[in-house]
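The values are calculated or read from the model by the stated rules, or taken from the named source; none is laboratory data. Quick caveat, the model's predicted, so the values are computed rather than measured. Cβ atoms come from the backbone with ideal geometry, glycine included; neighbour counts cover every protein chain shown. The area values use the complete protein model at the heavy-atom level, side chains included, leaving out ligands, DNA and RNA. Shrake-Rupley method; radii C 1.70, N 1.55, O 1.52, S 1.80 Å.
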Amino acid sequence: MASSGMIALAAALAIALSTVGPGIGQGIAASKAMEAMARQPEIAGTIRTTMILALALMEALTIYGLLIAFILVGYVGG
């Protein structure tokens, strides 16, 4: 029973840590992109495209953490 509790705790930590970092990074990236678009409105399309690509790559890190949490929860049930 103790080992299943530790695995559940590991799953919770995996999802928590994998969402905090990208969340902060996405906020900073969006802030800087908005600042850049305000300074140079003529290249706003390029900046927006680059920002969306960067946000998607950061979101992939969160999805990896979710996948690891699902794998760990599978060990608790089995």
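Would you mind stating whether Ala11 is open to solvent by less than 50 Å² (accessible area, probe 1.4 Å), at pLDDT 90 or above and assigned to a helix (DSSP H, G or I)? Walk me through how you get there before you give the answer.
Details: open to solvent by less than 50 Å² (accessible area, probe 1.4 Å): yes; at pLDDT 90 or above: no; assigned to a helix (DSSP H, G or I): yes.
For Ala11, the condition - open to solvent by less than 50 Å² (accessible area, probe 1.4 Å), at pLDDT 90 or above and assigned to a helix (DSSP H, G or I) - is not met.
What do you reckon, is Ala16 in contact (Cβ under 8 Å) with a residue 40 or more places away in the chain, open to solvent by less than 90 Å² (accessible area, probe 1.4 Å) and closer than 22 Å to Phe70 by Cβ?
Values: in contact (Cβ under 8 Å) with a residue 40 or more places away in the chain: no; open to solvent by less than 90 Å² (accessible area, probe 1.4 Å): yes; closer than 22 Å to Phe70 by Cβ: yes.
Against the criterion (in contact (Cβ under 8 Å) with a residue 40 or more places away in the chain, open to solvent by less than 90 Å² (accessible area, probe 1.4 Å) and closer than 22 Å to Phe70 by Cβ), Ala16 does not qualify.
Quick one: how many residues across region 26-69 are closer than 30 Å to Ala8 by Cβ, open to solvent by 70 Å² or more (accessible area, probe 1.4 Å) and free of Cβ contacts under 8 Å to residues at least 40 places away in the same chain?
So the answer is 4.
Residues Gly5, Gly23, Gly27: which one is at pLDDT below 90 and part of a helix (DSSP H, G or I)? Steps first, answer last, please.
Values: Gly23 fails: at pLDDT below 90; Gly27 fails: at pLDDT below 90.
After ruling out the rest, the residue left standing is Gly5.
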